[in-house]
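Take a look at the structure set out below.
The values are calculated or read from the model by the stated rules, or taken from the named source; none is laboratory data. For clarity, every value in this text was computed on a predicted model and none was experimentally measured. Here the Cβ positions follow ideal geometry from the backbone for every residue, glycine too, while neighbour counts run over all protein chains shown. The accessibility values were calculated without ligands, DNA or RNA, using every heavy atom of the protein model including side chains. Shrake-Rupley method; radii C 1.70, N 1.55, O 1.52, S 1.80 Å.
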Amino acid sequence: MIEFKQIDKDYSVGDQTIKALHDINFQIETQKLTIILGPSGSGKSTLLNILGGMDRPTRGTVQFNEQNVAALNDHELTNYRRNLVGFVFQFYNLIPSLTALENVAIAAQLTKNDANSLKYLKQVGLEQRLDNFPNQMSGGEMQRVSIARALAKQPQLLLCDEPTGALDSRTSLKIMKILQDVAKTTDTAVVVVTHNPDFEQYGDQVIRLRDGQVESISQNDNPVVIE
Ligand code: ADP
Ligand code: ADP
């Protein structure tokens, strides 16, 4: 569905060039959970920013179905980001003055899918918390709202940046289970960036980055299914 072909990303800092990504090649497929692992500074955020249309590579092609995302103009890139990609962040990024249902409804309205907010909160098991504000929910609940909000856009691609980084291990596993279910049961491809090597076993594909390069890519035909 998405293919990175010979992607480089350089940053200029003063008269220095930082090679944040160098010769990155991989594919992201529908019905699959891709885990991206790597130490701090290895290029994970840069890679996610390019996948999500927040930034463009310096060189290379990002083939998304028939189009090269790397070659889109600003307006087209905004449409790509808005209509095709859902985002889940470490610290949820919910709007504090809106309830769980309202947080999801706002995203649904943007993509004219506003009748279905409830459906997405049910999908993440939060039908009991519709009228709660973020400060009345646990971290795990807030993350579930943020997943429901992302799903309400019916994205082709769900990008999760350290989605369990602020959660205890039990809650983290519940969040990973939801993401695994989304990958398996919908047409949304799921990408999870994490520091946590324990999560490797849950991915259909694991990409390891080091110093801006791909250290390894493994395909896992029998990932551990979270109960
Ligand atoms: P983490 O991957 O641990 O969440 P970050 O992605 O925020 O951390 O940052 C990783 C490294 O990249 C850090 O050393 C940080 O200083 C550097 N970095 C991140 N963003 C920028 C930036 N905009 N300008 C310069 N350096 C940055
Ligand atoms: P990670 O998310 O794995 O921590 P990043 O993608 O944030 O890694 O960073 C990769 C490299 O690029 C690091 O050396 C970082 O310092 C550098 N970097 C990231 N963003 C910027 C930026 N905006 N300007 C300059 N250097 C950056």
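So if I check each of Asn49, Asn68, Asn73, which one is open to solvent by 70 Å² or more (accessible area, probe 1.4 Å) and either within 16 Å of ligand 1 (Cβ to nearest atom) or farther than 27 Å from Glu200 by Cβ (or both)?
Details: Asn49 fails: open to solvent by 70 Å² or more (accessible area, probe 1.4 Å); Asn68 fails: open to solvent by 70 Å² or more (accessible area, probe 1.4 Å).
Going through Asn49, Asn68, Asn73 in turn, just one is open to solvent by 70 Å² or more (accessible area, probe 1.4 Å) and either within 16 Å of ligand 1 (Cβ to nearest atom) or farther than 27 Å from Glu200 by Cβ (or both): Asn73.
Quick one: which of Ala189, Ala183, Ala152, Ala148 is among the small types (Gly, Ala, Ser), out of contact with any Cys (no Cβ under 9 Å at 6 or more places or on another chain) and at pLDDT below 95? Result of the check over Ala189, Ala183, Ala152, Ala148: Ala152.
Answer yes or no as to whether Gln154 is out of contact with any helix residue (DSSP H, G or I) (no Cβ under 7 Å at 6 or more places or on another chain) and within 16 Å of Ala183 (Cα to Cα). I'd like the intermediate steps shown before the answer.
On the way: out of contact with any helix residue (DSSP H, G or I) (no Cβ under 7 Å at 6 or more places or on another chain): yes; within 16 Å of Ala183 (Cα to Cα): yes.
Taking the combined requirement at face value, the residue satisfies it.
Could you go through the stretch 207-219 and let me know if any residue there is buried (at least 16 other Cβ atoms within 10 Å of the Cβ) and of a type in the set (S, T, N, Q). No, the stretch 207-219 contains no residue that is buried (at least 16 other Cβ atoms within 10 Å of the Cβ) and of a type in the set (S, T, N, Q).
All conditions in (1) farther than 26 Å from Glu127 by Cα; (2) away from ligand 1 (no atom under 15 Å from the Cβ); (3) part of a helix (DSSP H, G or I) hold for His22, with the sole exception of (3). Note on the stretch 119-151: residues that are in contact with a helix residue (DSSP H, G or I) (Cβ under 7 Å, 6 or more places away or on another chain), in a helix (DSSP H, G or I) and over 25 Å from Glu162 (Cβ atoms) total 1.
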